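Undergrad: Once you've had a glance at the structure underneath, I'll fire off some questions.
Values in this text are rule-based calculations from the coordinates and carry no lab data. Nothing here was measured: the structure is a model prediction, and the numbers come from that model. Because the Cβ atoms are built from the backbone with ideal geometry, glycine has one as well, and the counts that use them run over all protein chains shown.
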Amino acid sequence: MPSLWAIKQMSMRLNRYKRELSASLAYAGLLAAVGIIAPSFFSATNLRDLALNNAPVLLVAVGMTLVILVAQIDISVGSQFAVATVAAGVLAQAGVPILLLLPLLLLIGAVMGAVNGLLIGMLRLPSIIVTLAMLVAWRDALRWTTGGEWVQNLPANFQWFGLGQRMGQWLIVFASLLVLAFFTWALRNLTAGRRVYAVGSDAEAARLAGVEPGQVTFCVFVLMGALVGLAALLNAVRFSTVPSNAGLGLELKAIAAVVVGGTAITGGRGTMPGTLIGVALLGTIGTALTFAGINPFWEKAIQGAIILAALASDFVWASFSHKKAQKAQMGF
Amino acid sequence: MLRAINIDKSYAGVHALKQASFELQAGEVHALIGENGAGKSTLIKIITGAVTPDGGTIQLNGTAIAQNSPRVAKQLGIAAMYQQPALFPELSVAENICFALEESSLLSRVNWRERKRKAAALLARIGADIDPDVEAGELTLPQQQLVEIARALGAEAKVLILDEPTASLSQEDTQNLFAVIRQLRNEGAGIVYISHRLEELPEIADRVTVLRDGSTIDTRLMTEVNRQQLIQLMVGRELSAVFPKKAVEIGEPVLELRQLGCAASGIHDVNLIVRAGEIVGLAGLVGCGRTQLADTVFGLTPSDRGDVLLRGKPVKLSSAAQAIECGIAYVPEDRRRHGVILDLAISANITLASLDRFSSLGIVDFRREKQVSADYTRRLRIKTPAIFAPVGTLSGGNQQKVALSRWLVTNPSVLILDEPTQGIDVGAKSEVHSLMTDLAAQGVAILMISSELPEVLGMSDRIAVMCGGTIAATLDRAEATQEKILALALGHQANEHATQSL
């Protein structure tokens, strides 16, 4: 029989992952409901399509989790995504070997992220303004260079990296999950992950402990950019032409998924598995509605309701833990 | 005048107050003391209506207050100054002071000139030199505390509750505050005075009530008890020595400052040596540059003149990371804000400054982290259900022990402590002091900043007194007295006779 002590420890652990748990329960509930109403939802084709559509969102959301953990925000990722997508198309068209595209796109993304990182981490400008400016700047720069034209006449081996549909699809989903798994591990096990949490929780206290908040913030934005580059490449190879207006609204999808997954918008608290659940929950609803025979116009409204519900549970949780902290302050 | 009778309060099963009673007369200063967790804060929150009791009554002038709330208490003339400054950082000092004092409808115009005049008058009354137009967020902690006091005074309350008002005040400000308190008392106000500084109680309090574990232990006349008896009442056990200072063999100089200056933080020409095994107390009035000196030595505000020498070798310190690498550790003042990271687990807080030693190739070694954290939690007697609990769930004294553990893990050769026992209870205080003694015995050079002169006198081997951004003089333990330190801090020469006594 477990001791009282062990139960107390267990309940503390559960408390820390409360939001992740409640989001998982909501997701399980959604899947169960769809399973009863429309079992055909669980067909292999549908599930594969779902996974494939949400893989790029997941990659961006992983980066966004890091950004929000250090108590910043990045609303320029949609525009970065468009730039990277067009860059992938143009490079492929110009005959750059397919294997070289991956490092090149990581680099292009990282450079765009570094611009944000320099302005926010080093010059201490507010991230919402900086990334708002970049959102407009990248998008308009792209419109000006491409004139709104799509990139066509891509080489045959661009699509699915020349691997053939089935293999290519697996590769994309698998790569996204691998990246998620790596960052899950890294946040917990790397000293860098520890520094991310410390800076997001209290930048000044972190500085006094020898952690440089500016450097950590800079690195996080560079990673964010690189992940956007990767997401753009993995998304672009699914189509035979490359649009110049990709990634519209992507920043909102990613931020919403991160918040629903339990990351505190004020930084310092949150996990990658939570983000995965957030992406899955928000990404499944539209399709689920279609299968359940409900007008998909409801999708956005329901997504909004889920975000509000997540924040409301944050609020309830905060007032609860505030009381607990008060008790602790008095020495109990 | 004010009576709290058999007050009971539980928070989710934890009994914070058990049948506690307290009585305040008009025209007295009544000290309320007890260790952290004794229930002082809960009791005053119940009096001010911020917390609703489970049982018992609060009476004012013989009539019970029904449905108490902060608003009701305010109308009845009860005002309180809480321990943690709760100012609006973006508002000016004048706005902060007058915000709660004005009773006006939503649409009435703000009389800015009147506000400023009132704020300036209140600040002048406590002798605080603070510009009412400055934003409250730009003030130092002691200045914020003075603003809080001015705000509480402005309510012109019949019952005034002061929770640790002198926790970060200099001797001078404390004396000014005492003068105001005495004046209010003579005008017939009742003052509840909460303080961990037992030595100031005989000076200001008429009676004292001791709380322990949520119960009222005793109420005595201040003239009938001494410090030792009070401590016994508070802890329920006898503390053998208040300052566990041991004779330690003093070794080679470890930290040496030569003509150190930093224009940005206003310190200049600082010469100081701290040897292995030595505790050097850094005394001085608030604003004399003690914390700024510590910040400069730790590389937070790098020096622009002079040298820092570690074991005889000059070092260039321009970031906290460099200072840590050189073996310098710094436990900063405002613990709640900067000493620990409240969201992080105890174990993660303890290893944060020495992550490199707890990782290989950047991968954290959890087994070692757990082992070391558990070890320090045990050694420093940090009270917690689990080492992965966030530090925010601990009490103040335990948070301070986590902050200390973080730096002990770095194995420092120089340890800088800024107000190491501010606002923590007598038991934890004594534990921190004996820890300092042990560290000195292990050969650590300790530089301790403290506004509590008895602590400085009790713990230091030598005392450096700062005044106007530099060290006015350094006194040996044997020759130092409170009067001499104060005289130096005020800018008198060491040999001059101290005109102001404590």
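Undergrad: What is the distance in Å between the Cα centres of segment B:19-87 and segment A:143-181?
TA: Measuring centre to centre over Cα atoms gives 68 Å.
Undergrad: Here's something else I'd like to know. Starting with the highest mean, order A:20-30, B:437-447 by the number of other Cβ atoms within 10 Å, averaged over the residues of each peptide.
TA: Put in order of decreasing packing, that is B:437-447, A:20-30.
Undergrad: Another question, then. Please name whichever of B:46, B:101, B:412 sits farthest to the positive end of the charge dipole of chain B, dipole taken about the Cα centre and charges placed at Cβ: Lys and Arg +1, Asp and Glu -1.
TA: After comparing all options, I get B:46.
Undergrad: Between rounded, prolate and oblate, where does segment A:140-246 land on the alpha carbon gyration tensor, with a ≥ b ≥ c its root eigenvalues, rounded for a/c under 1.5, else prolate if a/b exceeds b/c?
TA: It is oblate, given that a/c is not under 1.5 and a/b is not larger than b/c.
Undergrad: Output the direction-averaged projected area (hull surface divided by four) of the convex hull of the alpha-carbon atoms of the protein assembly as shown, in nm².
TA: Its average projected convex-hull area is 41.9 nm².
Undergrad: A further question follows. Shielding by partners for A:207-217, please: the mean number of other protein chain Cβ atoms within 10 Å of each residue's Cβ.
TA: The per-residue average across the peptide is 6.
Undergrad: Quick one: putting +1 on the C-beta of Lys and Arg, -1 on the C-beta of Asp and Glu, what dipole do you get for chain B around its Cα centre, in Debye to the nearest 20?
TA: Dipole of chain B, to the nearest 20 debye: 1000 debye.
Undergrad: Which one, B:394, B:262, A:236, projects farthest toward the positive side of the charge dipole computed for the protein assembly as shown from Cβ point charges (K/R +1, D/E -1)?
TA: Looking along the dipole axis, the top candidate is A:236.
Undergrad: Separate question: Please report how far the C-alpha centroid of segment B:423-489 lies from that of segment A:28-101, rounded to the nearest whole angstrom.
TA: Answer, in whole Å: 60.
Undergrad: Using only the Cα atoms of chain B, what are the Rg and Dmax in Å?
TA: That works out to 23.5, 71 Å for Rg and Dmax.
Undergrad: Which value, in debye to the nearest 20, describes the size of the charge dipole of segment B:343-502 about its Cα centre when Lys and Arg Cβ atoms bear +1, Asp and Glu Cβ atoms bear -1, and nothing else is charged?
TA: 680 debye
Undergrad: Just rank B:112, A:138, fewest to most, by other beta-carbon atoms within 10 angstrom.
TA: B:112, A:138
Undergrad: Quick one: P(r) of segment B:398-480 from all Cα-Cα pairs, 5 Å bins, percents rounded to integers, in order of increasing distance.
TA: Cα pair-distance distribution for segment B:398-480, in percent: 3, 13, 25, 26, 18, 11, 4.
Undergrad: Next up: Go through segment A:16-22 residue by residue and turn each phi into a ³J(HN,Hα) via Karplus (6.51, -1.76, 1.60, θ = phi - 60°); whole Hz please, and just put x for glycine and proline.
TA: Values, residue by residue: 5, 10, 4, 5, 4, 5, 5 Hz.
Undergrad: Let me confirm one metric for peptide B:380-389, namely the mean number of other chain beta-carbon atoms within 10 Å of its residues' beta-carbons.
TA: 3
Undergrad: As an exercise, use a Förster radius of 45 Å and the Cβ-Cβ distance of residue A:149 and residue B:311 to find the FRET efficiency, rounded to the nearest 0.05.
TA: 0.10
Undergrad: Taking the alpha-carbon distance from residue B:316 and a cut-off under 25 Å, which lysines remain once sequence neighbours fewer than 8 residues away in the same chain are dropped?
TA: Cα-Cα hits under 25 Å: none found.
Undergrad: Where a ≥ b ≥ c are the square roots of the eigenvalues of the C-alpha gyration tensor, would you call segment A:42-120 rounded, which needs a/c under 1.5, or, failing that, prolate if a/b is larger than b/c, or oblate?
TA: oblate
Undergrad: What is the diffusion coefficient of segment B:85-219 in µm²/s, taking the Kirkwood radius over Cα pairs and the Stokes-Einstein relation at 37 °C with a viscosity of 0.692 mPa s?
TA: For these conditions, the coefficient is 205 µm²/s.
Undergrad: Based on other C-beta atoms within 10 Å, arrange B:219, B:42, B:351 from fewest to most.
TA: Ordered by Cβ neighbours within 10 Å, fewest first: B:219, B:42, B:351.
Undergrad: Which order results if B:194, B:231 are arranged by neighbouring Cβ count within 10 Å, fewest first?
TA: Ordered by Cβ neighbours within 10 Å, fewest first: B:231, B:194.
Undergrad: About the Cα centre, and with charges only on the beta carbon of Lys, Arg (+1) and Asp, Glu (-1), how big is the dipole of chain A? Nearest 20 debye, please.
TA: 940 debye
Undergrad: Going by amide H atoms built from the backbone, whose H comes under 5 Å of the H on residue B:425, apart from near neighbours?
TA: When sequence neighbours closer than 5 places are left aside, the close amide H contacts are B:36, B:397.
Undergrad: On a straight-distance basis, which aspartates and glutamates could pair with residue B:45 in a cross-link, Cα separation under 18 angstrom, same-chain partners fewer than 8 positions away excluded?
TA: Residue B:45 reaches B:8, B:23, B:35, B:54, B:148, B:163, B:164, B:213.
Undergrad: Any idea how far the Cα center of segment A:229-246 sits from the one of segment B:333-406, in Å?
TA: 45 Å
Undergrad: Is the shape of segment B:227-307 best called rounded, prolate or oblate, per the rule: a/c under 1.5 gives rounded, else a/b larger than b/c gives prolate, else oblate, with a ≥ b ≥ c the square roots of the Cα gyration tensor eigenvalues?
TA: oblate
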